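Asker: Can you read through this structure? Questions will come right after.
The values are calculated or read from the model by the stated rules, or taken from the named source; none is laboratory data. Keep in mind it's a predicted model, so treat the numbers as computed, not measured. For neighbour counting, all protein chains shown are included, and Cβ atoms are generated from backbone atoms with ideal geometry for every residue, glycine included.
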Amino acid sequence: MKKPDSRRLIRLVAAFSSRRIVVVGDLMLDRFIWGDVRRISPEATVPVVRVTRESVHLGGAGNVVANLAALGAKPIVAGWVGRDQPGRVIVRLLEELGADASGLFVTGEVQTIEKTRILAHSQQVVRLDREARSPSARLLGRLHRIVDSKLRGVHAVLVSDYGKGAVGRDLLDLLAARRRRGRFAYLIDPKQPNFDAYHGASLVKPNELEATAAAGLGIDDARSLGAVGTRLLERWQSEAVMISRGEHGLALFQRGLPAQTFPAVAREVFDVTGAGDTVMAVAALALASGGSLEEAAYLANVAAAIVVGKVGTATLERAELNAAIRGASGAVRRPGRRAR
């Protein structure tokens, strides 16, 4: 593929604001405690973090929603939160974004998932997780009915699976069936518990660890990368698989076409938290706006380079993406002797 036309890419980005995207998956709250370290604790060999500030952000599927909203889209949220303080914060943050939260419900059956990261001098020291217990069949059935009711007239459906229970085989079967009858783009951010249940998507985006686990093969060079991509296309019966590879960028596999790699364009990497959510949001918007899979991968790769240069759960805006499109090298290549 030759370098994409930057004018066409900017037209695609301009169309983001009219796209309606359903996001279904595991909602969680990301809490950040910021501080500095000047000494080691006398009680144990651990740093003493002097807290200077705290911040909260939408995490998990909520971070996908935040990315979509920041890019001007109209995200529709489908999921649940607990009847607790973190759940109330998530509801408030969604309202502040202007997201359509009519598919979100509050329940006393589960605890809201919360991840607390403690950072000193912009480096993560430790993370504390509060997990929810497994949802009941009744809770899942309610979510499935809500998702089904939200599909009319949408441009894309994005499954943000964090393996916390909101996404399962029944939901994935429902979406695959509806997608065969509808015209929306269907994207999945996968997790290992559901590897056997994914099928019929426009695009599935594992990271490299997830890709090797799902394929049962390691990635050492271009040949093994290609073997992993081919196996995942067959296993998931999707139109495309896009593997995010950190410092090596993205690799895109489509049925009947040569693999393509998109080298990373980040100048500095400060924090990869939530970068996969940004990749998914941009890819979904590109496909929903009429872009090709190659254009979706290109834009997602450029977007990832922006957010990893920020600290914390970050998003980007259309102006940043447009500026990066104009300035990006646009390197796209077929896998050669070694994928870098």
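Asker: Suppose we filter GLU210, GLU247, GLU294 for residues that are under 24 Å from ALA61 (Cβ atoms), outside any strand (DSSP E or B) and under 18 Å from the mean Cα position of the chain (by Cα); which single one remains?
Answerer: GLU210
Asker: Output the residues belonging to the range 288-301 that are aliphatic (A, V, I, L, M) and out of contact with any Phe, Trp or Tyr (no Cβ under 9 Å at 6 or more places or on another chain).
Answerer: Here is the first cut: in the range 288-301, the residues aliphatic (A, V, I, L, M) are 288, 293, 296-297, 299-300.
Matches in the range 288-301: LEU293, ALA296, LEU299.
Asker: If you don't mind, there's one more thing I want to ask. Looking only at the range 108-134, which residues are under 25 Å from VAL24 (Cβ atoms), more than 22 Å from the chain's Cα centre (by Cα) and buried (at least 18 other Cβ atoms within 10 Å of the Cβ)?
Answerer: VAL110
Asker: Return yes when GLU54 is touching a strand residue (DSSP E or B) at 6+ places or on another chain (Cβ under 9 Å), touching a residue at least 24 places away in the same chain (Cβ under 8 Å) and not β-branched (Val, Ile, Thr) and no when it is not.
Answerer: no
Asker: A further question on this structure: Need pairs with beta-carbon distance below 7 Å; first residue closer than 11 Å to ASP161 by Cβ and within the range 187-203, second of a type in the set (Phe, Trp, Tyr) and in a loop (DSSP other than H, G, I, E, B); sequence gap 6+ or separate chains.
Answerer: ILE188/TYR198; PRO190/TYR198; LYS191/TYR162
Asker: Consider the range 30-41. How many of its residues are buried (at least 18 other Cβ atoms within 10 Å of the Cβ) and either of a type in the set (D, E, K, R) or in contact with a His (Cβ under 8 Å, 6 or more places away or on another chain) (or both)?
Answerer: 3
Asker: Being surrounded by fewer than 18 Cβ atoms within 10 Å (Cβ to Cβ) and under 23 Å from the mean Cα position of the chain (by Cα) narrows it down to one residue among ALA44, ALA14; which is it?
Answerer: ALA14
Asker: Has the range 173-185 got at least one residue that is surrounded by fewer than 23 Cβ atoms within 10 Å (Cβ to Cβ), touching a Phe, Trp or Tyr at 6+ places or on another chain (Cβ under 8 Å), closer than 30 Å to ILE219 by Cα and touching a residue at least 12 places away in the same chain (Cβ under 8 Å)?
Answerer: yes
Asker: Return only the number of the condition from (1) at pLDDT 90 or above; (2) farther than 20 Å from ILE219 by Cα; (3) touching a Ser or Thr at 6+ places or on another chain (Cβ under 9 Å) that ALA240 does not satisfy.
Answerer: Looking at each condition in turn, ALA240 falls short on (2).
Asker: Quick check on the range 213-243: of everything there that is touching a strand residue (DSSP E or B) at 6+ places or on another chain (Cβ under 9 Å) and either part of a loop (DSSP other than H, G, I, E, B) or of a type in the set (Ser, Thr, Tyr) (or both), which residue is nearest to LYS164 (Cα to Cα)?
Answerer: SER238
Asker: Follow-up. Under the condition of being in contact with a helix residue (DSSP H, G or I) (Cβ under 9 Å, 6 or more places away or on another chain) and closer than 17 Å to ARG223 by Cα, which residue from the range 246-256 is surrounded by the most Cβ atoms within 10 Å (Cβ to Cβ)?
Answerer: We begin by selecting, within the range 246-256, every residue in contact with a helix residue (DSSP H, G or I) (Cβ under 9 Å, 6 or more places away or on another chain); these are 246, 248-255.
When the remaining residues are screened for being closer than 17 Å to ARG223 by Cα, the result is 248-255.
Details: HIS248: 18, GLY249: 22, LEU250: 23, ALA251: 25, LEU252: 27, PHE253: 25, GLN254: 20, ARG255: 12.
For the range 246-256, the residue satisfying everything is LEU252.
Asker: From ARG50, ARG20, ARG38, ARG31, which residue is among the basic types (Lys, Arg), under 19 Å from the mean Cα position of the chain (by Cα) and over 30 Å from SER292 (Cβ atoms)?
Answerer: Selected residue: ARG31, the only one of ARG50, ARG20, ARG38, ARG31 that is among the basic types (Lys, Arg), under 19 Å from the mean Cα position of the chain (by Cα) and over 30 Å from SER292 (Cβ atoms).
Asker: Those residues that are closer than 17 Å to ALA288 by Cα, in a loop (DSSP other than H, G, I, E, B) and among the aliphatic types (A, V, I, L, M), I need them from the range 151-202; list them, please.
Answerer: LEU151, VAL154, ALA201
Asker: Restricting to the range 94-146, count the residues that are within 29 Å of ARG38 (Cβ to Cβ) and of a type outside the set (Lys, Arg).
Answerer: Of the residues in that region, 13 qualify.
Asker: If a residue has to be assigned to a helix (DSSP H, G or I) and either touching a His at 6+ places or on another chain (Cβ under 8 Å) or of a type outside the set (Val, Ile, Thr) (or both) to count, how many in the range 112-150 make the cut?
Answerer: 11
Asker: Can you tell me which of (1) out of contact with any strand residue (DSSP E or B) (no Cβ under 7 Å at 6 or more places or on another chain); (2) modelled with pLDDT under 90 is the one GLY249 doesn't meet?
Answerer: (1)
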